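Enquirer: Sending over a structure as structure tokens; questions will come in a sec.
Please treat every number below as a calculation from the coordinates, not as lab data. Predicted, not measured: the structure shown is a model, and the values here were computed from it. Positions of Cβ are backbone-derived with ideal geometry, glycine not excepted, and every protein chain shown enters the neighbour counts.
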Ligand SMILES: Cc1cc2nc3c(=O)[nH]c(=O)nc-3n(C[C@H](O)[C@H](O)[C@H](O)COP(=O)(O)OP(=O)(O)OC[C@H]3O[C@@H](n4cnc5c(N)ncnc54)[C@H](O)[C@@H]3O)c2cc1C
């Protein structure tokens, strides 16, 4: 068993192979110098904690105990499917019986001239360390892109006293997958914390002289910053699969068992697109922590012959200041929305399809306020339930009772 990509998904996959009793050789290949680690803290605690924090998914000791060979700082450069061989950047090769591609995604590059050493991206622990060094009260930080990672980083930078400006080309922040009502709460929270949020602002020029960055906006306004962090989305890492002749369709295309057209090659996590059963087999690619975990475990199971379909409801969370946002399901499947108010200003928007089926729920509130109800919504979505909108909207009707019905 060979797993390429020692991230969330690859890390979970190798542990699951052993949990399921596989006794043959298991090799995890990663191009980063670290043990598999959690990425979500990189924009959050890893920035604000006293010492930079790397949260490993598996320690060296655990990997050794479970006889998992971890090859780090080495890249898989080619797959010879006929020979069942993976070629590595150190010149060596690995034979495989089953192969899992868990190569993740990388930040989308800003296609503009003028970018230099003060224009950076955030994906890895090393990126986080480099950014963290600049988050100080005397520094100005520009965040290009009002998506989750940029906004979480903005919150961390404010916590550390930096002056922060968020630049979003779209008319509002979080355009992709987050309802306007929820995005507005987050926008206001950033403003209240002193972040300047500029929406509907295209960038016409960037000049980075290695000590500071001058960003010119469409309205000719100049934003000058000590550091610009670009967070304009991510693209799946597919080159290895494409060069090996595997189909790519917004990610490495796999079936519901996370298997490519080659029965010995699987793909999972951020790098793959797959048919999502809850939405009639709609092909999606998810960039979410829990999905990477679930798919890593499922791919391992299927590499051992289980043929089990991925049936989970997508789920995502984001923490900014004291607020937690959680989204279950795919909100763009919804045609109407019902709001349920909870306590402390928290609320959930239920998204219903034309036929009344609950297809998603987006919740926001302090701390854990929405967690329980989002979990119940997730179960309703999985059941393809068609709850009455009045019941969803009424605080006096327990969601649990809708599940029982
Ligand atoms: C800053 C940040 C904050 C996030 N916060 C949240 C959050 O709050 N909530 C949430 O749900 N999700 C969050 N995510 C998303 C979540 O972390 C990802 O969905 C998850 O890490 C995906 O796991 P993966 O294993 O598919 O990919 P990755 O974790 O990206 O791992 C892929 C690994 O493969 C390596 N690799 C790629 N190609 C090769 C090759 N050819 N050879 C060897 N190694 C290779 C990569 O370097 C990488 O180490 C966040 C992500 C980031 C970056």
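Enquirer: Quick one: length gained pulling residue 405 to residue 247 fully straight, 0.36 nm per residue minus the C-alpha distance? List each step's numbers first, then the result.
Expert: Numbers: separation 158, 0.36 × 158 = 56.88 nm, distance 4.22 nm.
Here the answer is 52.7 nm.
Enquirer: Taking 0.36 nm per residue of sequence separation and subtracting the Cα-Cα distance, how much length would be gained by fully extending the chain between residue 220 and residue 180, in nm to one decimal? It would help to have the intermediate numbers written out before the result.
Expert: Details: separation 40, 0.36 × 40 = 14.40 nm, distance 2.73 nm.
So the extension gain works out to 11.7 nm.
Enquirer: If each residue of separation counts as 0.36 nm, what is the full-extension length gain between residue 61 and residue 85 once their alpha-carbon separation is subtracted?
Expert: Numbers: separation 24, 0.36 × 24 = 8.64 nm, distance 2.78 nm.
Taking residue 61 through residue 85 to full extension adds about 5.9 nm, to one decimal.
Enquirer: So what is the calculated 222 nm ellipticity per residue for the chain, using -39500 (n - 2.57) for each DSSP H run with n of 4 or more, over all residues, to the nearest 500 deg cm²/dmol?
Expert: Details: 11 runs with 98 residues, N = 405.
Taken over the chain, the calculation gives -7000 deg cm²/dmol.
Enquirer: Still on this structure: I'd like to know how region 322-404 sits against the 2.2 N^0.38 Å rule of thumb: what's its Cα Rg over that expected value?
Expert: On the way: Rg = 11.4 Å, N = 83, 2.2 N^0.38 = 11.8 Å.
Working it through for region 322-404, the quotient is 0.97.
Enquirer: Continuing with this model, one more query. When the Cα centres of region 1-78 and region 306-330 are compared, how far apart do they sit, in Å?
Expert: Between the Cα centre of region 1-78 and that of region 306-330, the gap is 21 Å.
Enquirer: Would you mind ranking 98, 398 so that the residue whose beta carbon has the fewest other beta carbons within 10 Å leads the list? Before the final figure, lay out the partial values.
Expert: Numbers: 98 22, 398 13.
Sorted ascending by nearby Cβ count, the order is 398, 98.
Enquirer: Also, quick follow-up: How large are Rg and Dmax for the chain when only the alpha carbon atoms are used, in Å?
Expert: 22.0, 65
Enquirer: Could you pull the Cα extents of region 109-230 along its three principal axes, largest to smallest, in whole Å?
Expert: For region 109-230, the Cα extents along the three principal axes come out at 39, 30, 25 Å.
Enquirer: To the nearest whole percent, what portion of all C-alpha pairs in region 260-354 is separated by more than 19 angstrom? Please list the in-between numbers first.
Expert: Numbers: 2311 of 4465 pairs.
In whole percent, the share of Cα-Cα pairs in region 260-354 beyond 19 Å is 52.
Enquirer: Of all DSSP beta bridges located in region 109-230, what percent are antiparallel, nearest 5?
Expert: 35 percent
Enquirer: Rounded to whole Å and ordered largest first, report the semi-axes of the equivalent ellipsoid of region 255-304 derived from its Cα gyration tensor (root of 5λ). Don't jump to the answer; show the numbers that get you there.
Expert: Details: eigenvalues 51, 36, 18 Å².
Computed over region 255-304, the values are 16, 13, 9 Å.
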